[in-house]
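Input: a single structure, listed below in structure tokens.
The values are calculated or read from the model by the stated rules, or taken from the named source; none is laboratory data. As the structure is a computational prediction, the values presented were derived from the model and not from experiment. Don't worry about glycine lacking a Cβ; one is built from the backbone with ideal geometry, like all the others, and counts go over all protein chains shown. Each accessible area value is taken on the protein alone, full model and side chains, heavy atoms only, with ligands, DNA and RNA left out. Shrake-Rupley method; radii C 1.70, N 1.55, O 1.52, S 1.80 Å.
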Amino acid sequence: MGSKGKTSGGNPEKKGRRVVPALCSLFGTVILLGVIAFCLPVAVARLRGHEVYSVVSGSMEPAIPVGSVLFVKPAQPETVEEGDVIAFRSGGSVISHRVVRNRVVEGEFVTKGDANQEEDMNPVKYADLVGVVTRHYPVAGHLLFLYTSSVGKVYMVCLAACGAMLNILAGRLRENGREEEDEA
């Protein structure tokens, strides 16, 4: 006959001491990897010289929908061609529209949003050019907005701290389990 509290697989109490640290470690690692994966694309883009923006208006739909994230590479104004999508400063905002004409002599662009019926009223001065849109990813702009806001940054730091604390807890639980085994 087997003794009470034991199964054919070993002592369930000892298994419990190994499962909880493993789960803490797993969840902590998943949280940390999630935070890194969430932030990595923007960090890499910035390291490669791109600016990153979220699209908040529908002026470039359907080509670039609201909620997209734009990767903008600085460019020399004279090299911008008709049909390129550029990002430029207008007032306190950054706008992205398609170039209809590049007036090199005047030092300005005539632009138009794809969804707009007519060209923009005011030409874009070369000095206001941020760069050429090299890539865009639909929906990712909503996520970008979430974690680049002040509240989003706090959440990211808290998530990273939780992941780290779960990994620390897993290490301590393993250490305590070993100490109890050595005493027994």
Quote the FRET efficiency, to the nearest 0.05, computed for L40 versus N176 with a Förster distance R0 of 30 Å and r equal to the Cβ-Cβ distance.
0.30
Between A161 and V66, what is the label-point separation in nm under the 7 Å Cα-to-beta-carbon projection?
3.5 nm
What helices does the chain hold that run 24 Å or longer along their axis, going by alpha-carbon atoms, with a Kyte-Doolittle average of 1.0 or more, using DSSP H for the helix calls?
12-47
Counting only other residues whose beta carbon sits under 14 Å from that of C39, what net charge do I get with K and R as +1, D and E as -1?
+2
Can you list residues from other chains, or at least 5 along the same chain, whose modelled amide H is less than 5 Å from the amide H of V130?
A87, F88, R89
Residue-normalised 222 nm signal for the chain, counting each DSSP H run of n ≥ 4 as -39,500 (n - 2.57), nearest 500 deg cm²/dmol, is -15500 deg cm²/dmol
Accessible area, 1.4 Å probe, largest first: how do I31, I168 sort?
I168, I31
Using Cα-only point scatterers and the Debye equation, what is log10 of I(q)/I(0) for the chain at each q in 0.10, 0.16, 0.18 Å⁻¹, rounded to two decimals?
-0.58, -0.97, -1.11
Among the aspartates and glutamates, select those whose C-alpha is under 17 Å from the C-alpha of K112, and discard any that sit fewer than 8 residues away in the same chain.
E61, E81, E82, D84, D120, D128
Which order do K153, K73 take by accessible area at a 1.4 Å probe, largest first?
K153, K73
About the Cα centre of the chain, what is the dipole size in debye to 20, counting +1 per Lys and Arg Cβ and -1 per Asp and Glu Cβ, all else neutral?
980 debye
With the charge dipole of the chain built from beta-carbon charges (+1 for Lys and Arg, -1 for Asp and Glu) about the Cα centre, the Cα from N102, I168, V154 projecting farthest to the positive end belongs to I168
